[in-house]
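Read-outs: derived from the displayed coordinates by stated rules, not from any lab. The structure presented is a predicted model; accordingly, all values stated were derived computationally and were not measured. In this analysis, Cβ positions are derived from the backbone assuming ideal geometry, glycine residues included, and neighbour counts consider all displayed protein chains.
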Amino acid sequence: MPEAPLEDSGSGLVPAAEGWFVVNTRDAEWWTSSSFGHSADFQNEKFPFKEVGFHIAVLELGQPNGLYHSEALQEDFLVIAGECKLLVEGEERELGAWDFFHCTAGTEHIFVGSGEGPCVIVMVGARRTGGGRRAVLPGLGAGGAVSGERPRGDREREGGLCSIRMAGARSAGVLGSAALGGVAALVST
């Protein structure tokens, strides 16, 4: 399998063909939403990951990463910096750095940033053609911010809430020392 060349999308680097590649997260394409925080998923819409989705979200205080929903396939999540609230099956759990959440298919969930600074979450999920997302519990969260319908794959609208590409995370400071300050200390111990 050949190496996929990387191209600048205007908001970071994305693969320009099928194949393997290496990219620094700070240089990858990032999306931002005033409602749903910052996110990178490392794929190009023309060349999506077919088997496993990999995503990094950076949430500020009170920001959910999307809508309260369930997926048709398994997902797994690792908080690597900061704090967030996990709303899962109608229950609330506080998560911090290095907390792991295994989410079986059909489990209703969402993350909401909490704590003093940004929360960084690594998100991994199985892919399948015809798989789906089901938004649930209308009105959950402050002002219904984490509920409603979100068409699968509609990255531009995010369920009617604006999501735009941003200049790469490196220039925007999304993954700066504030977001990752505690990671180096935790890894070195």
Residues within region 1-20 that are buried (at least 19 other Cβ atoms within 10 Å of the Cβ) and out of contact with any helix residue (DSSP H, G or I) (no Cβ under 8 Å at 6 or more places or on another chain), tallied: 4
Residues (touching a Cys at 6+ places or on another chain (Cβ under 9 Å) and surrounded by fewer than 23 Cβ atoms within 10 Å (Cβ to Cβ)) located in region 57-76: Glu60, Leu61, Ser70, Glu71, Gln74, Glu75, Asp76
Region 21-51 - residue that is in contact with a Phe, Trp or Tyr (Cβ under 9 Å, 6 or more places away or on another chain) and without any contact (Cβ under 8 Å) to a residue 60 or more places away in the chain and, of those, surrounded by the most Cβ atoms within 10 Å (Cβ to Cβ): Ser39
Residue in region 95-111 that is surrounded by 14 or more Cβ atoms within 10 Å (Cβ to Cβ), touching an Asp or Glu at 6+ places or on another chain (Cβ under 6 Å) and farther than 30 Å from Phe47 by Cβ present: yes
Search result, residues across region 79-94 that are in a strand (DSSP E or B) and either of a type outside the set (A, V, I, L, M, F, W, C) or more than 21 Å from Ser33 (Cβ to Cβ) (or both): Glu83, Lys85, Val88, Glu91, Glu92, Arg93, Glu94
Residue in region 48-61 that is more than 28 Å from Asp8 (Cα to Cα), over 11 Å from the mean Cα position of the chain (by Cα) and not hydroxyl-bearing (Ser, Thr, Tyr) present: yes
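Going by the conditions given, is Phe54 touching a strand residue (DSSP E or B) at 6+ places or on another chain (Cβ under 7 Å), hydrophobic (A, V, I, L, M, F, W, C), under 30 Å from Pro5 (Cβ atoms) and surrounded by fewer than 17 Cβ atoms within 10 Å (Cβ to Cβ)?
Working: touching a strand residue (DSSP E or B) at 6+ places or on another chain (Cβ under 7 Å): yes; hydrophobic (A, V, I, L, M, F, W, C): yes; under 30 Å from Pro5 (Cβ atoms): yes; surrounded by fewer than 17 Cβ atoms within 10 Å (Cβ to Cβ): yes.
When the stated conditions are applied, Phe54 passes them.
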